[in-house]
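See structure below.
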Amino acid sequence: MENQKYDNKFSDSVVAIIGTIVRTMERSLVLFFDGLRNTVEHANPSLFNLIAVVSPILTPAPVAYMTSESLMTFFQWDWRIALVCAIAIEFVGLVVWVTLVEVFQTPKEERDETMLYFFAAVAIAYELVLVFLNVVLEAQTGATFSTLVVLLLLCLFPAMSAITYGYRNYHAKLRLEQERQEAKAEAERRRQEEIALQERIRQEKRQDRKEAAELKLKYAADTEQVQPFRSRRKP
């Protein structure tokens, strides 16, 4: 019986220690996964912004390579000249599409319609150059219809990424401008509050000086009234 009693105490201690370890591990895992979830939730906007910035640079690369191959194959250009031309075409297309999206989103009263039509025409010309170099010329070699469709969609990828970037970039500029205006308004509000506080302190000091001067005059008048009374009481 005595051994059983000690065995029960030892077993209770072991169970308590194991329970403490298990609860500690449970809380640690909960905190770890909660922190991981919060990290992912806060990182998502930044991650998507990074993708939106990088994609307009990455997506034109395969199309530029494809365009340079077409220039070398169908026009017998030197590979250096063909590569420079293909990269220049993609750079122009990126700038044109982003600018077109920003001009299109500008309010009508501030939008320059002439520039809107101009950039739209340049964007269409850019797409036509890609389609003719990579799809139409490839069709003359006897490529299948599915291959031509894939090439056509590939030619549209840089435009789609540029449009997405232009849309997000325009609204990011609006948000930054709004934050700048709010910060400017907050600074102006604080400045006005500081001016009002200084004016109130100045008025309070002026009122204190005025009241002090009135008390001094009243004290002087009371003193003048008391002195004749004392002089009459002298024998």
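Whether any residue in the range 101-117 is within 17 Å of residue 69 (Cα to Cα) and loosely packed, with under 14 Cβ neighbours inside 10 Å is what I want to check. Scanning the range 101-117, I find no residue that is within 17 Å of residue 69 (Cα to Cα) and loosely packed, with under 14 Cβ neighbours inside 10 Å, so the answer is no. Among the candidates 28, 46, 55, the residue that is over 27 Å from residue 169 (Cβ atoms) and either out of contact with any strand residue (DSSP E or B) (no Cβ under 9 Å at 6 or more places or on another chain) or in a helix (DSSP H, G or I) (or both) is uniquely 28. Against the list (1) free of Cβ contacts under 8 Å to residues at least 24 places away in the same chain; (2) closer than 23 Å to residue 75 by Cβ, the condition residue 158 fails is (1). Scan the range 70-81 and tell me whether some residue there is modelled with pLDDT of 90 or more, closer than 18 Å to residue 123 by Cβ and β-branched (Val, Ile, Thr). Looking for residues that are modelled with pLDDT of 90 or more, closer than 18 Å to residue 123 by Cβ and β-branched (Val, Ile, Thr), one finds none in the range 70-81, hence no.
The values are calculated or read from the model by the stated rules, or taken from the named source; none is laboratory data. What you see is a predicted model; the values in this text were computed from it and never measured. Note that we place each Cβ from the backbone using ideal geometry, even for glycine, and neighbour counts take in every protein chain shown.
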